[in-house]
Amino acid sequence: MALTNSKKFASILFGFVFSLSAMAHVDNELYEEIKQADATFFKAFNECDIETMSKMFSQDLEFYHDIAGLSGYESTMQVTRNNCERNLGLVRTLLPESLVVYPVKNFGAIQIGEHQFCHEVNGVNDCGTFGFTHVWKRTDERWVVHRVVSYGH
């Protein structure tokens, strides 16, 4: 009986390892797609390209911020427009070593990481590093940010 259980275990282990190696390829592709979508989105953020950002946020956006609370698409876009009009010079940089991406079956992906926001105040660079989680939704046309959790402020 022990031999039968050992064979079953070996078979299950082999199947698990094989499926992980197959998933790693898919996850690597997904990782690169989300990394690129993140780069596109935050290039628009850094340049105050409101039009691109508006297309990359889901119309059903929920933005959870540990200090500001919950906001939706319209209020998030208004805050973004206001910040751009104030010419804060805010620049976001992803900390690449922190980036982790997980698939969400039949929906999209979860992106977890840290990013740094900097802007100049009285001639001095003022920076903060914060944690984030983005839920990306794959639409027919593109990746869109569907949910945001921003914390550590």
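Worth a mention:
- Cα gyration tensor shape of the stretch 50-99, rounded if a/c is under 1.5, else prolate or oblate by comparing a/b with b/c: rounded
- Taking 140, 38, 27, 126 and counting other C-beta atoms within 10 Å, the order from fewest to most: 140, 126, 27, 38
- Label-point separation in nm, residue 105 to residue 90, each point 7 Å along Cα→Cβ: 3.7 nm
- The distance separating the Cα centre of the stretch 97-120 from that of the stretch 61-83 comes to 18 Å.
- Loop-resident trypsin sites (Lys or Arg not before Pro) (DSSP state other than H, G, I, E or B) in the stretch 65-109 with no more than 10 further Cβ atoms inside 10 Å of their Cβ: 86, 105.
- Local net charge near residue 72, Cβ-Cβ under 13 Å (Lys/Arg +1, Asp/Glu -1): -2
Throughout, read-outs are computed from the coordinates displayed, never taken from laboratory work. Keep in mind it's a predicted model, so treat the numbers as computed, not measured. Cβ atoms come from the backbone with ideal geometry, glycine included; neighbour counts cover every protein chain shown.
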